[in-house]
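**Student:** Okay, handing you the structure first.
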Amino acid sequence: MAEHWDVIIIGAGTAGLAALREVSKETDKVLMINAGAYGTTCARVGCMPSKVLIESARALHDCNKLAGVGIRGGQHVAADIPAMLQHVRKLRDHFVSGTLEATATLGKRNIQGLARLLGPQTVEVEGQTHHAERIILATGSSPVMPAPWKALGDRVLTTDTFFEQKTLPERMAVIGLGPIGLEMAQAMAYLGIEVHAFDKSTSLAGISDPEVSKALREALEKDFSIHTGADVSLHADGDGVRVDTGAFSILVDRVLVAVGRKPNIDSLNLAALGVPLDERGMPPFDPATTQIGELPVYIAGDVNQHAPILHEAADEGYIAAHNAMADKPTAFPRRTPMGVVFIEPGVAFVGQRFAELDADALIGEASFVRQGRAVAAQRNQGLMRIYARGKDAVLIGAEMCVPAAEHMAHLLGLAISEGLTVHQVLRMPFYHPVLEEGLRSALRAIVKQVPCNDADLAKCGEFRIQALD
Ligand SMILES: Cc1cc2nc3c(=O)[nH]c(=O)nc-3n(C[C@H](O)[C@H](O)[C@H](O)COP(=O)(O)OP(=O)(O)OC[C@H]3O[C@@H](n4cnc5c(N)ncnc54)[C@H](O)[C@@H]3O)c2cc1C
Ligand SMILES: NC(=O)c1ccc[n+]([C@@H]2O[C@H](COP(=O)([O-])OP(=O)(O)OC[C@H]3O[C@@H](n4cnc5c(N)ncnc54)[C@H](O)[C@@H]3O)[C@@H](O)[C@H]2O)c1
């Protein structure tokens, strides 16, 4: 006999928990099904443990700057890597425990097991069939491991296994230089590990603006070696792994594979939905509603691959739950796209990407190599490029690799979301000396390309003197 529910949520990650919070406001007849460990990808193996490691590694790296400002003793500070990894796991456990509270009181309405669809309103788990008015799929994603590399066993790590390591070896390779690969490569290099980083494409961190990409590569090559633009192969060699790409070959102790993540759909049996699946096995869905076709089924978070980052997963859980409880689905306008990569200089993009710009778009850029506050903080590297619409100078996007990129991106994200022109943004106060004066320089470079009223402070120019801009 099938059990009957109003809503079944498959996956207790960020999207699933956001959906649970919303659905629970309307009904108790909600069933959560989660395979494997609870605690969410973000808290267990993703955003949070990676950021703890990055913060610790950065604290150590900053000691290298001490001698330059007249503080002695920095050279005696060293990483105790086993202790640092323990610290990561301690904070990780703390973050995970917070997420567990969300499902703690569900009792029998929470089943641990692999869900398999039998139809658009029927799910099988642990041999039991469940029927629901609506189903929310929120099964997340998993690291990709190319088949030939699996034979290397524990010599190849992913972020699912990295944070469980008791220590780290002297030489590491990182394959894949998207956000995950770059964050981990720089953190390990800051800990004193010899890092060699590889990507088969030439792009870094998904940046599409070639000028920003060039500036980032220049900055990162101070920390670790970078090899891009050719296929990478791995072979066991003694106790380690030989990495080959083009004419370059290096022996390392271990490899972190960060070549992307794939949606967790293999065990879901999406064919049972009865809609055509694409070549990746994905059903069609509307990002504004999260609904799959006309079915009573919604797909939210990393599993739909629309915008695989945390705040978008949370939004999609909310949208899916709202629509699962409604008679008619609502189309939600989505937020301005934003991405941040937590390295130094920080990488960020917001709004339209360089690769998406029309030919008449205006571009303003600012280098942070001579930016006053960045020089004072010994963080003077990187480039910001801001994009505005050709016809009216409305801000439309930016790509950057600069200090405090995460904050710059939020400021620009607000301006873009509100449809502000470059002139309007330049009318706000910029205090001195702040890193945001670099952002102002990039905006001023756009204003110079369009007519501006003399009585407009947006027209106020630069000194071109390091101490004053
Ligand atoms: C190393 C790393 C760093 C990251 N850093 C950031 C960052 O700094 N900022 C940011 O915004 N994003 C970051 N992300 C991305 C972010 O973590 C994800 O976008 C987010 O966690 C996705 O949440 P989700 O709910 O879609 O999936 P998840 O949290 O993965 O939840 C999916 C759940 O579904 C379960 N499941 C899978 N299949 C089934 C099934 N058949 N039946 C039942 N249950 C199933 C899984 O076990 C899991 O519990 C990072 C990711 C990684 C890996
Ligand atoms: N700070 C953040 O916001 C943050 C941090 C980490 C992850 N994330 C999220 O996680 C997702 C996954 O990140 P990711 O970095 O794993 O994936 P990604 O898809 O962004 O990057 C993977 C990289 O691996 C390369 N690659 C693929 N196959 C390869 C191969 N066989 N050999 C060499 N290189 C190869 C690709 O060219 C690409 O540059 C991102 O899309 C992002 O949304 C976000």
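None of the figures in this text is laboratory data; all of them are computed from the coordinates on show. Everything numeric here is computed off the predicted structure, so don't read it as measured data. With ideal geometry, Cβ positions are generated from the backbone for all residues, glycine too; neighbour counts draw on all protein chains shown.
**Student:** Relative to the Cα centre, what is the charge dipole magnitude of the chain, using +1 at the beta carbon of each Lys and Arg, -1 at the beta carbon of each Asp and Glu, and rounding to the nearest 20 debye?
**Tutor:** 840
**Student:** Distance in nm between label sites at Val144 and Ala37, each 7 Å beyond Cα in the beta-carbon direction?
**Tutor:** Each label point is offset 7 Å from its Cα along the Cβ direction, giving 2.4 nm.
**Student:** Kindly write out, for region 250-266 in residue order, the coupling ³J(HN,Hα) from the Karplus curve 6.51 cos²θ - 1.76 cosθ + 1.60 (θ = phi - 60°), rounded to whole Hz, with x marking Gly and Pro.
**Tutor:** Here the 3J(HN,Hα) series is 8, 9, 10, 7, 9, 10, 9, 9, 9, 8, x, 10, 10, x, 7, 10, 3 Hz.
**Student:** So between Glu218 and Asp28, what do we pick up on full extension, going 0.36 nm a residue minus the alpha carbon distance?
**Tutor:** 62.9 nm
**Student:** Still on this structure: Taking K and R as +1 and D and E as -1, what net charge do the other residues with C-beta under 14 Å from the C-beta of Val212 add up to?
**Tutor:** Within the 14 Å Cβ shell, the charges total -1.
**Student:** Report ³J(HN,Hα) in whole Hz for each residue of region 142-149, in order, from the Karplus equation J = 6.51 cos²θ - 1.76 cosθ + 1.60 where θ = phi - 60°; Gly and Pro get x.
**Tutor:** Each residue of region 142-149 in turn: 9, x, 7, 10, x, 3, x, 7 Hz.
**Student:** Between their Cα atoms, which of Lys51/Lys90; Lys108/Lys328; Lys90/Lys166; Lys391/Lys448; Lys150/Lys262 are more than 19 Å away from each other? Show your work: numbers first, answer last.
**Tutor:** On the way: Lys51/Lys90 13 Å; Lys108/Lys328 30 Å; Lys90/Lys166 13 Å; Lys391/Lys448 14 Å; Lys150/Lys262 16 Å.
Result: Lys108/Lys328 exceed 19 Å.
**Student:** Continuing with the same structure: Can you tell me the length gained on complete extension of the stretch Thr167 to Ala288, counting 0.36 nm per residue apart and subtracting the Cα distance? Could you put the intermediate results ahead of the total?
**Tutor:** Details: separation 121, 0.36 × 121 = 43.56 nm, distance 4.42 nm.
Computed gain between Thr167 and Ala288 is 39.1 nm.
**Student:** Given Gly36, Ser213, Ala187, which one lies farthest toward the positive end of the charge dipole of the chain, if we put +1 on the Cβ of every Lys and Arg and -1 on the Cβ of every Asp and Glu?
**Tutor:** Going by the charge dipole, the pick is Ala187.
**Student:** Between His432 and Asp239, what is the spin-label point distance in nm, taking each point 7 Å from the Cα along the Cα→C-beta axis?
**Tutor:** The modelled label-to-label distance comes out at 5.9 nm.
**Student:** What FRET efficiency would be calculated for the residue pair Arg116, Glu3, taking the C-beta separation as r and a Förster radius of 22 Å, to the nearest 0.05?
**Tutor:** 0.90
**Student:** What FRET efficiency do you get for Arg334 and Ile71 if R0 is 51 Å and r is their Cβ-Cβ distance, rounded to the nearest 0.05?
**Tutor:** Plugging the Cβ-Cβ distance into 1/(1 + (r/R0)^6) gives 0.60.
**Student:** In whole Hz, what ³J(HN,Hα) sequence does region 130-136 give by Karplus (6.51, -1.76, 1.60; θ = phi - 60°), x for Gly and Pro?
**Tutor:** With coefficients 6.51, -1.76 and 1.60, one gets 10, 10, 9, 5, 9, 10, 10 Hz.
**Student:** State the antiparallel share, in %, of DSSP beta bridges confined to the chain, rounding to the nearest 5.
**Tutor:** Of the beta bridges lying entirely in the chain, close to 60 percent run antiparallel.
**Student:** May I ask you to compute the full-extension gain from His131 to Lys200, defined as 0.36 nm times their residue separation minus their alpha-carbon distance, rounded to one decimal in nm?
**Tutor:** So the extension gain works out to 20.3 nm.
**Student:** State the answer as a single residue: which of Phe198, Val232, Asn264 lies farthest towards the positive end of the charge dipole of region 166-281, with beta carbon charges of +1 for Lys and Arg and -1 for Asp and Glu, about the Cα centre.
**Tutor:** Going by the charge dipole, the pick is Asn264.
**Student:** Only residues of region 379-398 count here: report those whose backbone N is under 11 Å from the spot 7 Å along Cα→Cβ of Ala467, or say none.
**Tutor:** none
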